[in-house]
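Below is one structure; the comments refer to it alone.
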Number of protein chains: 2
Amino acid sequence: MRTTLNGATQMTTRGEIEKLVRLAIRQSLTSRIGDSQPEPGPSHGAPSLRVSISARHVHLTDQHVEQLFGPGYKLTPDKPLYQDGFFAAKETLMIVGPRRRMLPEVRVLGPTRPHSQVELAITDAISLGIDAPVRHSGDIAGTPGCVLVGPAGAVELKEGVIRAARHVHMNFEEAAYYGVKNGELMTLKVVSPQCSVAFNDCLVRADAKAKLEVHIDTDEGNACNLDAATEISLKRQEDCRCHG
Amino acid sequence: MRTTLNGATQMTTRGEIEKLVRLAIRQSLTSRIGDSQPEPGPSHGAPSLRVSISARHVHLTDQHVEQLFGPGYKLTPDKPLYQDGFFAAKETLMIVGPRRRMLPEVRVLGPTRPHSQVELAITDAISLGIDAPVRHSGDIAGTPGCVLVGPAGAVELKEGVIRAARHVHMNFEEAAYYGVKNGELMTLKVVSPQCSVAFNDCLVRADAKAKLEVHIDTDEGNACNLDAATEISLKRQEDCRCHG
């Protein structure tokens, strides 16, 4: 699937590049859960809740890293992510959609995975002309593809472009605190001046090594103006009673 | 405040322009309210609920229309909006932010108003480098400005760039049905596969001539993947009991 970089790129604005950088370095919001929990769990008091905005990014296989960046190439960790062992790499890629619309500098996250995957907000997907379905990470069968262009070559992904569904990482003690199990759904409430939002359908990803963190994308973070939020809280979805 | 068009524009991508057009022509979702209303109001059954996505756009004064498009110029209605008397004009403008980052083709809406105003999603505002506050239309005191560039000239707005707060238009009969008054808040619930959202803080704008329609922006529409929504409903905010 390797093709040669042929220089057929499009011009882009400085603004678009700055936007990418700004989104990539955006600070995540950390806050204490308030008194919305009915009773304390097995831990001492409420766990510290963090909500992070995932800007668009790419996961790669070892093979695709070599095709895009050169034989024997390994990703260079630049910034550790909150979940231990994961990192934003120094490397970025151009993503090209159908009709040659593109995003010039999309961050690669590490470590490498068994399947390459591109995670976009719907706003990004519209700008690329890709109808990205809402999927959980790894569930890419039948999704659209795209072309990835790196400094040493290009890769045509046959599938793997998704809008990542919102989810929450936590360890088993935190899951017990909330009364949820891996695979269940929660609701994240964000109180923000004139634009509060309750996000349903946050999938629980419980793992012994995970740290409590909700992942939403840039559209979701901007819809609730997360940077200006005054309160965040998390509940089992069935306890939320939105329009109940 | 009139300045001369000096050609100091930046290159942009075809994709960015196509994105603007795509957002501008996006279809709004119309649906019947389900059985979430406790009892029928004075009208025969539930009113038909419409949720529309407002892509970024500009409102202009008569004076600014002339400065941007030429002496004596009047806006040309292109497409009527759902609210009677309002329209998308054929005219578009370039919006330039600080550090000369820009959006090349932003639609003008008519008719003209007493004050010019630019309504952006936060994603748009980030791309321009403008920290746009969440405000209701017309409430622009102390907001950031920008430069508008048209075919006949440019206008430097000293203020008027906002992220429009979500709101719902309705007539007084519809307000009575929902048990709300002008200026009160409602919650819009959008059920969408893997990304349902409850939007609080929808301001009621009741007017004798209004038609029932919720206005959200592109970030909000994309956060809930409105195009894929299977159910929409509206309630008084105090009846919503989100995280109750």
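Here is how the numbers come out for the structure above:
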quantity	calculated
Total lysine pairs under 24 Å (Cα atoms) in the range B:52-190, excluding pairs fewer than 8 apart on one chain	4
Rounded to 5, percent antiparallel among DSSP beta bridges of the range B:136-213	70
7 Å along Cα→Cβ, label-point gaps from A:THR61 to other copies, nm, shortest first	6.2
In order through the range B:217-231: 3J(HN,Hα) via Karplus (6.51 cos²θ - 1.76 cosθ + 1.60), integer Hz, x for Gly, Pro	9, 5, 4, 5, x, 7, 4, 9, 6, 3, 4, 9, 4, 9, 7
Per-residue average of Cβ from other chains inside 10 Å of B:209-222	3
Cβ-vector label at 7 Å, B:PHE86, separations to other copies in nm	4.0
For A:121-134, mean number of other protein chain Cβ atoms within 10 Å	5
10 Å Cβ neighbours from other chains, averaged over peptide A:108-118	0
Other-chain or far-sequence residues with amide H under 5 Å of B:ARG163's (modelled H)	B:LEU120, B:VAL134, B:ARG135
Sequence of B:LYS79, A:LYS181 from largest to smallest accessible area, 1.4 Å probe	A:LYS181, B:LYS79
For the range A:195-244 versus the range A:136-187, the gap between their alpha-carbon centres in whole angstrom	16
Shape category assigned to the range B:47-175 from the gyration tensor of Cα positions, a/c cut at 1.5	oblate
Where labels lie 7 Å past Cα in the beta-carbon direction, separation of B:ASP62 and B:ASP239 in nm	4.3
Interchain or long-range residues, amide H under 5 Å from B:LEU203's placed H	B:HIS167, B:VAL168, B:MET186
Cleavage-rule hits, trypsin sites (Lys or Arg not before Pro), the range B:187-244, DSSP coil, Cβ neighbours within 10 Å at most 11	B:LYS209
Distance in nm between pseudo-label sites at B:LYS79 and A:ARG113 (7 Å out along the Cβ direction from Cα)	3.5
Highest to lowest packing among A:145-154, B:152-161, B:216-225, scored as the average C-beta count within 10 Å	B:216-225, A:145-154, B:152-161
Using a 7 Å Cα-to-Cβ projection, A:GLU184 label spacings across copies, nm, ascending	3.5
DSSP-defined beta bridges in the range B:97-244 - what % are antiparallel, rounded to 5	70
Alpha-carbon radius of gyration plus Dmax, which is the widest Cα pair, for the range A:120-244 in Å	16.7, 54
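The values are calculated or read from the model by the stated rules, or taken from the named source; none is laboratory data. Predicted model, so just to flag it, every value in this text is computed and none were measured. A quick note on method: Cβ atoms are made from the backbone with ideal geometry, for glycine too, and the neighbour counts reach across all protein chains shown. We work out accessible area using only protein heavy atoms, side chains counted, and drop any ligands, DNA or RNA first. Shrake-Rupley method; radii C 1.70, N 1.55, O 1.52, S 1.80 Å.
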